[in-house]
Amino acid sequence: MTPLSDDFYFLFNDLKQIAFTFNKADEFGAVNKRMAEFCESSVEELENKNISIVLNKKDRKRIKNFNQKIFQTGERKKREIVVEINNKMKNIEVDIIPHHNSDNEIDYLLCLAVDITDKIKRENIYFRNRERYRTLFDQAPLAFVVSDRQTNIIDWNQRAEEIFGWKKEEVLDQNFNLLIPEDSYSEVTEMTEELFSGLQNNNINKNISKDGSQIYCEWNNAIIRDQEDKIIEVISIARDITERLRAEEKIKKQNEELEYSKLRTQFFANISHELKTPLNLIFSSLQLLEFYLYNSQSYKEKDKINNYLNSIKNNGFRLLRLVNNLIDITRIEVDAFSLHRGNFDIVKLIREIVNTVSDYLEEKERDFKFICDLDSAIIACDPFNIERVILNLISNAVKFSARGDQIILNLQAAGEDILLSLKDTGIGIEKENQQIIFDKFRQVDQSFKKKREGSGIGLSLVKSIIEMHGGKIEIDSVYGSYSNFKVFLPLKTIDQEIVEKESYSPDSLLNKVELEFSDINYI
Ligand code: ADP
């Protein structure tokens, strides 16, 4: 028994810390309440008892040896030890202070201890979590980029190194913009703002790698906030989807090509009909001509012969127009089509066309009107091709309207353009067909038994020619009611040098009318 004063006991018992003494290397002396709680026992059960009362054999031996050394050396020791109490492993940090009596002999060891079991447990969990997440972070098949509130990179995993080509040391403290191509800066800044305001956390971005190559990544972002809800970090996870996008693009292109090839096949099926009909008509007219020439005695048959000659001529023109259009559409495709522009009075040009076609239109019983409040307007244009455009549109207006329908050609100034609109009160065009009619080989009625002649390249050619003039064509139509084609041409002239370079050469308008109208002069 260690003689301890009452005061000491009072203090000792009331301590928040675990406190006890060793009388001998393997025997407790005094034990305070905390110690009793720690040992899941009572003070009485422990005081002046052998340590075997709470410790197993192994722990007993270890502690006895340890205490013996202190009794021998008199050296104060601080240790973290693990002991098993009631089948539970407990961690304890003990400060062992040898007490010397008046003869300077060590009479007991005073131990002050702290139960650190929970702390160690927490640390272990934290450490294991940290290790686990570090491994996950480093070895994830996705790129992890951690950045701070200022979007400076503060962490970066192996996959990020592989995708973006930068080593971790190279990107730390660099701004996230390092991964953004210049033309996407503003887009990404907007996205970051949306992310910070909690609106958007997934996006697909164009990124740039160390070697300058462009890659597409799908990003998922998570915002980490502190206790005051302030943003401290952003964890961004990226998946490289460049290959996937490329494959999708390829499939899209292949589908488009397939669709285009189907269209082309259909076009060739149509075109053979287009080529054969005028040829058949030419040959049957020739046969009949021969018949009349050999059999008729008089000139009574002159009218008939005239009709057959007209048919031959018109069908010859149809073939020629078709071949010309085919050649030009192919030339446009290979960039070998060029305009021969000069500065011309478009008002005069259109008036000439109107004068030439009005008889035809009257003959076809269309109610034709030309409205123009301009005296003149000089613009840079290729009259040959502009005439072709207008004649094509007029020919369509006739083709897709019936007797008595109106055809109105209106020429006016519209801001920096000349606007030429051609409206007919014919069959009109369904909404879903209004854009495709300008595509190559496209006709609204693609069937073999279609009611009207045509190859479906007229409007595509018209559009290309207008665009080469720096203009545009628009369609406004209500199916069953009217079609209004609007052609805008820039109200501009060109320098003489360009005129000479493009060497415009005039051609007879009349020939062209016969040519362009050959589809509707179906004889
Ligand atoms: P096509 O040689 O068949 O006339 P286009 O390219 O000139 O070829 O026209 C394409 C299609 O656009 C036509 O087949 C027709 O369906 C439609 N279209 C063109 N102009 C008109 C119009 N004025 N009214 C109704 N449909 C039209």
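The values are calculated or read from the model by the stated rules, or taken from the named source; none is laboratory data. Note that the coordinates shown come from a computational prediction; the quantities given were computed from them, not determined experimentally. Glycine also receives a Cβ, built like all others from the backbone with ideal geometry; neighbour counts cover every protein chain displayed. These area figures cover heavy atoms from the full protein model, side chains too; ligands, DNA and RNA do not enter into them. Shrake-Rupley method; radii C 1.70, N 1.55, O 1.52, S 1.80 Å.
For the structure I just gave you, tell me whether D382 is more than 9 Å from the ligand (Cβ to nearest atom) and either buried (at least 22 other Cβ atoms within 10 Å of the Cβ) or under 19 Å from G458 (Cα atoms) (or both). It would help to see each step written out before you state the result.
On the way: more than 9 Å from the ligand (Cβ to nearest atom): yes; either buried (at least 22 other Cβ atoms within 10 Å of the Cβ) or under 19 Å from G458 (Cα atoms) (or both): yes.
Judged against the criteria, D382 is a match.
Can you work out which of the residues in the range 359-379 that are assigned to a loop (DSSP other than H, G, I, E, B) and away from the ligand (no atom under 16 Å from the Cβ) is surrounded by the most Cβ atoms within 10 Å (Cβ to Cβ)?
Kept after step one, since they are assigned to a loop (DSSP other than H, G, I, E, B), are these residues of the range 359-379: 364-366, 373-377.
If we keep only those that are away from the ligand (no atom under 16 Å from the Cβ) too, we end up with 365, 373-377.
On the way: E365: 12, D373: 9, L374: 13, D375: 8, S376: 8, A377: 19.
It comes out as A377.
Read through the list (1) assigned by TED's automatic domain parsing to the domain that holds D14; (2) open to solvent by 80 Å² or more (accessible area, probe 1.4 Å); (3) touching a residue at least 12 places away in the same chain (Cβ under 8 Å), then give the number of the only condition that Q158 fails.
Among (1) assigned by TED's automatic domain parsing to the domain that holds D14; (2) open to solvent by 80 Å² or more (accessible area, probe 1.4 Å); (3) touching a residue at least 12 places away in the same chain (Cβ under 8 Å), Q158 violates only (1).
For a quick check of your reading: which helices (runs of 4 or more DSSP H) sit entirely within the range 128-216 and have at least 1 residues that are aromatic (F, W, Y) and closer than 22 Å to I232 by Cα? Show your work before the answer.
Numbers: elements: 158-164, 168-171, 185-196.
Because the criterion is at least 1 residues that are aromatic (F, W, Y) and closer than 22 Å to I232 by Cα, the helices (runs of 4 or more DSSP H) in the range 128-216 that meet it are 185-196.
Between E514, E500, which is more than 11 Å from the ligand (Cβ to nearest atom), over 33 Å from the mean Cα position of the chain (by Cα), at pLDDT below 95 and surrounded by 15 or more Cβ atoms within 10 Å (Cβ to Cβ)?
On the way: E500 fails: surrounded by 15 or more Cβ atoms within 10 Å (Cβ to Cβ).
Result: E514 is the single residue among E514, E500 that is more than 11 Å from the ligand (Cβ to nearest atom), over 33 Å from the mean Cα position of the chain (by Cα), at pLDDT below 95 and surrounded by 15 or more Cβ atoms within 10 Å (Cβ to Cβ).
For the range 196-253, name all the residues that are acidic (D, E), over 19 Å from E161 (Cβ atoms) and open to solvent by 80 Å² or more (accessible area, probe 1.4 Å). First the steps, then the outcome.
If we filter the range 196-253 for residues that are acidic (D, E), which is where we start, we get 211, 218, 226, 228-229, 233, 240, 243, 248-249.
When the remaining residues are screened for being over 19 Å from E161 (Cβ atoms), the result is 226, 228-229, 233, 248-249.
If the condition is that a residue be acidic (D, E), over 19 Å from E161 (Cβ atoms) and open to solvent by 80 Å² or more (accessible area, probe 1.4 Å), then E228, D229, E248, E249 are the ones that fit.
Consider only pairs whose beta carbons are under 6 Å apart and that are at least six residues apart or on different chains; among these, list those whose first residue lies in the range 470-494 and is of a type in the set (D, E, K, R) and at pLDDT 95 or above and whose second residue is open to solvent by 20 Å² or more (accessible area, probe 1.4 Å) and more than 16 Å from the ligand (Cβ to nearest atom).
Going by the 6 Å Cβ cut-off, the qualifying pairs are K472/F488.
Suppose we keep only residues that are free of Cβ contacts under 8 Å to residues at least 40 places away in the same chain and farther than 13 Å from I378 by Cβ within the range 334-354. Which one would you say is farthest from the chain's Cα centre (by Cα)?
Going through the qualifying residues, I end up with R351.
Is it the case, given these coordinates, that L258 is among the aliphatic types (A, V, I, L, M), under 30 Å from F438 (Cα atoms) and in contact (Cβ under 8 Å) with a residue 12 or more places away in the chain?
Against the criterion (among the aliphatic types (A, V, I, L, M), under 30 Å from F438 (Cα atoms) and in contact (Cβ under 8 Å) with a residue 12 or more places away in the chain), L258 does not qualify.
Checking L142 against (1) open to solvent by less than 40 Å² (accessible area, probe 1.4 Å); (2) in contact (Cβ under 8 Å) with a residue 40 or more places away in the chain; (3) of a type in the set (A, V, I, L, M, F, W, C), only one condition comes out false. Which one?
L142 satisfies every listed condition except (1).
Give the number of residues within the range 31-47 that are open to solvent by 30 Å² or more (accessible area, probe 1.4 Å), in a loop (DSSP other than H, G, I, E, B) and either free of Cβ contacts under 8 Å to residues at least 40 places away in the same chain or not acidic (D, E) (or both).
Result for the range 31-47: 3.
Picking from R388, R403, which residue would you name as being touching a helix residue (DSSP H, G or I) at 6+ places or on another chain (Cβ under 9 Å), among the basic types (K, R) and either in a helix (DSSP H, G or I) or open to solvent by 30 Å² or more (accessible area, probe 1.4 Å) (or both)?
Values: R403 fails: touching a helix residue (DSSP H, G or I) at 6+ places or on another chain (Cβ under 9 Å).
That would be R388, the only listed residue that is touching a helix residue (DSSP H, G or I) at 6+ places or on another chain (Cβ under 9 Å), among the basic types (K, R) and either in a helix (DSSP H, G or I) or open to solvent by 30 Å² or more (accessible area, probe 1.4 Å) (or both).
May I ask you to verify whether L349 is touching a Cys at 6+ places or on another chain (Cβ under 8 Å), assigned to a helix (DSSP H, G or I) and surrounded by 19 or more Cβ atoms within 10 Å (Cβ to Cβ)? Steps first, answer last, please.
On the way: touching a Cys at 6+ places or on another chain (Cβ under 8 Å): yes; assigned to a helix (DSSP H, G or I): yes; surrounded by 19 or more Cβ atoms within 10 Å (Cβ to Cβ): yes.
Against the criterion (touching a Cys at 6+ places or on another chain (Cβ under 8 Å), assigned to a helix (DSSP H, G or I) and surrounded by 19 or more Cβ atoms within 10 Å (Cβ to Cβ)), L349 qualifies.
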